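Asks: Pasting in a structure now, in structure tokens, and then I'll have a few things to ask.
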Amino acid sequence: MRNKQRLTLLCICGLLAACSSSRYQYSDDHAPENIPQLDDIADAVPTPQTYSRSANRDYQVRGIDYEVWRDIKTLTQEGKASWYGNKFHGHKTSNGEVYDMFSMSAAHKNLPLPSFVKVTNLGNDKTVIVRVNDRGPFHSERIIDLSYAAAYKLDMLQSGTANVRVELIIPTADNSSLFTPKPQWFIQVLASSNEAKAQQIADSLGVKYSTENRLVISGKFHRVQLGPISESAQAQSLLAKVKQQYTNAYVLKELSSKAVSNK
């Protein structure tokens, strides 16, 4: 009888270990089949919130102890970000909420839940503001796990991971309105593997049309973009002029947020 009880206990422990060891493996996850319009999903809006009692205790995963930074006031981290999607959609997060991969949320090993952070993709300078309501990723080289929607906005779905900067936002009652996302537009002109050539084109078009410009790195290519442009009509007007020379040019819409420094 004792041997049978011991065997049952070992089986339960084995199942728990298997669940915890596979939860944050990107290879086990996958993108959704029915994807809504993600471009219009706004960033999370930082607002004062009460920390969860049950989700902010120190904990252990796979024999490793993790400390929750309960009294943290500032944070800037750089490292790898990953994303998690369909595998966990509809399941509870560490915060006790239901995970929605189309929301602007994230998982972090140490930040108190919930928290708000600004995440910047260092490869293309795209940024998002997300609400941290889950734990992970439990990989030593990764610092944050993003929702499918957040990863889409950072243009990292195909690569699975990206080098990012994570900055903590401490919201207060009188500054939360500063984080309201605002749309802005860019003209995507062309992509070139020759950085010097791409920069020359960007600079010449910037002078020609009296507008700002940028290069966005995408793999081995450098994308020439004009902007940001604050009005849709103005972007369409500029696009019509650019297309006279670059017929494949098109308009990109991004949602940006003004961030408040906590330093």
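Asks: Whether any residue in the stretch 26-47 is modelled with pLDDT of 85 or more and among the polar types (S, T, N, Q) is what I want to check.
Replies: Yes.
Asks: How do the pairs read when you match residues in the stretch 29-47 that are closer than 17 Å to TRP83 by Cα with residues anywhere that are open to solvent by 60 Å² or more (accessible area, probe 1.4 Å) and at pLDDT below 70, using Cβ under 9 Å and keeping only pairs 6 or more apart or on different chains?
Replies: Filtered contacts from the stretch 29-47: ASP43/THR180.
Asks: List, please: which pairs have Cβ atoms under 9 Å, are six or more places apart or on different chains, and start with a residue in the stretch 151-180 that is modelled with pLDDT of 95 or more and end with one that is in a helix (DSSP H, G or I) and open to solvent by 50 Å² or more (accessible area, probe 1.4 Å)?
Replies: Partner pairs satisfying both residue conditions: THR161/TYR26.
Asks: Hey, another quick one. Would you check which residues across the stretch 213-229 are farther than 16 Å from GLU254 by Cα and either in a strand (DSSP E or B) or among the acidic types (Asp, Glu) (or both) and list them?
Replies: Correct list: ILE217, SER218, PHE221, HIS222.
Asks: Considering only residues that are of a type outside the set (Gly, Ala, Ser), open to solvent by 20 Å² or more (accessible area, probe 1.4 Å) and assigned to a loop (DSSP other than H, G, I, E, B), look in the stretch 89-100 and name the one that is modelled with the lowest pLDDT.
Replies: Across the stretch 89-100, the extreme among qualifying residues is HIS89.
One line per residue, one yes/no per condition, for (1) touching a strand residue (DSSP E or B) at 6+ places or on another chain (Cβ under 6 Å); (2) open to solvent by less than 40 Å² (accessible area, probe 1.4 Å); (3) hydrophobic (A, V, I, L, M, F, W, C); (4) part of a helix (DSSP H, G or I):
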residue	(1), (2), (3), (4)
ILE187	yes, yes, yes, no
LYS208	no, no, no, yes
THR211	yes, yes, no, no
LEU239	yes, yes, yes, yes
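Asks: If you don't mind, another one. Return the residues of the stretch 101-144 that are open to solvent by 20 Å² or more (accessible area, probe 1.4 Å), in a loop (DSSP other than H, G, I, E, B), over 30 Å from PRO228 (Cα atoms) and of a type in the set (D, E, K, R); say none if nothing qualifies.
Replies: LYS109, GLU141 - these are the residues of the stretch 101-144 that are open to solvent by 20 Å² or more (accessible area, probe 1.4 Å), in a loop (DSSP other than H, G, I, E, B), over 30 Å from PRO228 (Cα atoms) and of a type in the set (D, E, K, R).
Asks: Could I ask something else about it? Do we have TYR66 as farther than 27 Å from GLU254 by Cα and in contact with an Asp or Glu (Cβ under 7 Å, 6 or more places away or on another chain) here?
Replies: For TYR66, the condition - farther than 27 Å from GLU254 by Cα and in contact with an Asp or Glu (Cβ under 7 Å, 6 or more places away or on another chain) - is met.
The values are calculated or read from the model by the stated rules, or taken from the named source; none is laboratory data. It should be emphasised that the depicted structure is a prediction, and the values quoted were computed from it without experimental measurement. Cβ atoms come from the backbone with ideal geometry, glycine included; neighbour counts cover every protein chain shown. All accessible areas refer to the heavy atoms of the entire protein, side chains included, with ligands and DNA or RNA removed. Shrake-Rupley method; radii C 1.70, N 1.55, O 1.52, S 1.80 Å.
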